[in-house]
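So the structure is just underneath, and the comments pick up after that.
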Amino acid sequence: MVGGIWKIGAIALAVLSLALCAFLGHGWYMAAHDRDQAIVDLKAEREISAQYQTAIREQNNAVEALAEQKRGAEQRGKVALDLAVANGRRYDDAVARNRAATANTCDEAMPVVNDILEAIR
């Protein structure tokens, strides 16, 4: 009878060991599956991050190009303003030179008009 109890105990221990191994094996499988899923998610996030970095780089390049265009426009505006100031001074000088001029006919007025037009050309 003692021999039968040991057999039952050995079978129970074998079943318990098998169940424990199956449980632990399933745990290892789940851990490996989670790891693989995390790697896939990481790759996807890295791809999205790379796309964001590319978009930011393109946006920065566009901003730099716009800044360069703005600097060029400001320079052209300054040149145009300087030219307008110079033209205004020449016009004022021509008007001052011809301030005393009087004309009753078109022929008398044309030299004054030509002088003013030449001054602002």
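Computed values, structure above
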quantity: 3J(HN,Hα) from dihedral phi, the range 74-88, Karplus parametrisation 6.51/-1.76/1.60, rounded to Hz, x for glycine, proline; calculated: 5, 5, 5, x, 5, 4, 5, 5, 4, 5, 5, 5, 5, 5, x
quantity: Estimated 222 nm signal from helices in the chain, with DSSP H stretches of n ≥ 4 weighted -39500 (n - 2.57), rounded to 500; calculated: -34500 deg cm²/dmol
quantity: Anisotropy class of the range 2-120 from Cα gyration tensor, a/c 1.5 cut; calculated: prolate
quantity: Magnitude of the charge dipole, the chain, Cβ model with Lys/Arg +1 and Asp/Glu -1, debye to 20; calculated: 500 debye
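Values in this text are rule-based calculations from the coordinates and carry no lab data. Computed from a predicted structure; not experimentally measured. With ideal geometry, Cβ positions are generated from the backbone for all residues, glycine too; neighbour counts draw on all protein chains shown.
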